[in-house]
Amino acid sequence: MTEKIKLTEEEQVLWNKISFESDLYQPSLDAIRDSIKPAYELSKSLLIRKAIPLVRKKYFTEPEYNIKGRGKSRKEVFELNGTKGEEILKHPHFHKYLQYFILGPALSSEVIQEFDSLVTKNKPITSSDQESLCILARNQVKKYYLNPKIVSEEYFKLCLELNLNLSMARVVRDTVNRMKK
């Protein structure tokens with residue numbers, strides 16, 4: 001099951017200083033600017049202590065995890081746009097990745113638990129389970145009034161975190177993404 005990274009006391013202080021964008025909150029330019037240094041310091045700390053789960057790192061560094069990247073990883077997109085090395089950690093657009101690194105998929109605990117239960121019940125997951133996973137995801141989007149265009153990527157992350165293969169994670173993501181709002 002997906003879990004939030006346990007932060008040290010110092011990391012928690014840094015976390016509390018970061019203004020993250022959400023569906024309900026758009027931070028001001030000042031809040032974003034004030035978040036850059038604590039986000040950078042928190043990112044460095046997590047990297048030094050190797051606290052970021054491998055699957056979350058791969059989401060950022062592996063090209064095949066980025067459907068919109070035209071063969072480039074999210075990290076490579078930053079680099080192509082002129083932001084390299086530690087400067088990536090200081091970029092305001094990196095904040096959403098830091099948030100994912102720490103919290104995991106942005107889905108409610110109910111959604112995650114229901115999905116995890118189906119995966120656990122059907123282990124080992126095979127291609128014959130794909131349809132039931134897609135049906136559950138569609139039903140959850142309707143049941144919890146989720147925006148399919150936003151949560152489709154979160155379902156992709158969830159599938160990866162539950163050790164489903166990349167192609168199955170893509171099918172679930174694409175199924176949710178094709179839903180009408």
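Does Ile112 count as more than 19 Å from the chain's Cα centre (by Cα) and buried (at least 17 other Cβ atoms within 10 Å of the Cβ)?
Numbers: more than 19 Å from the chain's Cα centre (by Cα): no; buried (at least 17 other Cβ atoms within 10 Å of the Cβ): yes.
For Ile112, the condition - more than 19 Å from the chain's Cα centre (by Cα) and buried (at least 17 other Cβ atoms within 10 Å of the Cβ) - is not met.
Check whether at least one residue in region 70-82 is farther than 22 Å from Asn163 by Cα, part of a loop (DSSP other than H, G, I, E, B) and among the hydroxyl-bearing types (Ser, Thr, Tyr), and report yes or no.
No, region 70-82 contains no residue that is farther than 22 Å from Asn163 by Cα, part of a loop (DSSP other than H, G, I, E, B) and among the hydroxyl-bearing types (Ser, Thr, Tyr).
Need the failing condition index for Thr83 against (1) buried (at least 18 other Cβ atoms within 10 Å of the Cβ); (2) within 27 Å of Ala51 (Cβ to Cβ); (3) among the hydroxyl-bearing types (Ser, Thr, Tyr), just the number.
(1)
With the requirement that a residue be more than 15 Å from the chain's Cα centre (by Cα), in a helix (DSSP H, G or I) and closer than 22 Å to Leu24 by Cα, what does region 149-181 give you?
Val176, Asn177
Would you mind stating whether Lys157 is crowded, with 17+ Cβ neighbours inside 10 Å, within 18 Å of Glu62 (Cα to Cα) and either without any contact (Cβ under 8 Å) to a residue 24 or more places away in the chain or in contact with a strand residue (DSSP E or B) (Cβ under 7 Å, 6 or more places away or on another chain) (or both)? Working first, answer last.
Details: crowded, with 17+ Cβ neighbours inside 10 Å: yes; within 18 Å of Glu62 (Cα to Cα): yes; either without any contact (Cβ under 8 Å) to a residue 24 or more places away in the chain or in contact with a strand residue (DSSP E or B) (Cβ under 7 Å, 6 or more places away or on another chain) (or both): no.
Criteria not met by Lys157.
Quick check on region 20-43: of everything there that is hydroxyl-bearing (Ser, Thr, Tyr) and farther than 23 Å from Lys84 by Cα, which residue is nearest to the chain's Cα centre (by Cα)? Working first, answer last.
The first filter runs over region 20-43 and keeps only residues hydroxyl-bearing (Ser, Thr, Tyr), leaving 22, 25, 28, 35, 40, 43.
Cutting the leftovers down to farther than 23 Å from Lys84 by Cα gives us 22, 25, 28.
Working: Ser22: 13, Tyr25: 18, Ser28: 23 Å.
Residue satisfying both the conditions and the ranking: Ser22.
Here is a list: Ser28, Ser35, Ser19, Ser45. Which entry is hydroxyl-bearing (Ser, Thr, Tyr), assigned by TED's automatic domain parsing to the domain that holds Val77 and without any contact (Cβ under 8 Å) to a residue 12 or more places away in the chain?
Values: Ser35 fails: without any contact (Cβ under 8 Å) to a residue 12 or more places away in the chain; Ser19 fails: without any contact (Cβ under 8 Å) to a residue 12 or more places away in the chain; Ser45 fails: without any contact (Cβ under 8 Å) to a residue 12 or more places away in the chain.
Residue meeting the stated conditions: Ser28.
Consider region 1-60. How many of its residues are among the hydrophobic types (A, V, I, L, M, F, W, C), out of contact with any Asp or Glu (no Cβ under 6 Å at 6 or more places or on another chain) and part of a helix (DSSP H, G or I)?
Here is the first cut: in region 1-60, the residues among the hydrophobic types (A, V, I, L, M, F, W, C) are 1, 5, 7, 13-15, 18, 20, 24, 29, 31-32, 36, 39, 42, 46-48, 51-52, 54-55, 60.
Among the residues that remain, those that are also out of contact with any Asp or Glu (no Cβ under 6 Å at 6 or more places or on another chain) are: 5, 7, 13, 15, 18, 20, 24, 29, 31-32, 36, 39, 46-48, 51-52, 54, 60.
In the following step, the residues that additionally are part of a helix (DSSP H, G or I) were identified as 13, 15, 29, 31-32, 36, 39, 46-48, 54, 60.
Total meeting the criteria: 12.
The values are calculated or read from the model by the stated rules, or taken from the named source; none is laboratory data. As the structure is a prediction and not an experimental result, all values here were calculated from the model. Using ideal geometry, Cβ is built from the backbone for each residue, glycine included, and neighbour counts are taken over all protein chains shown.
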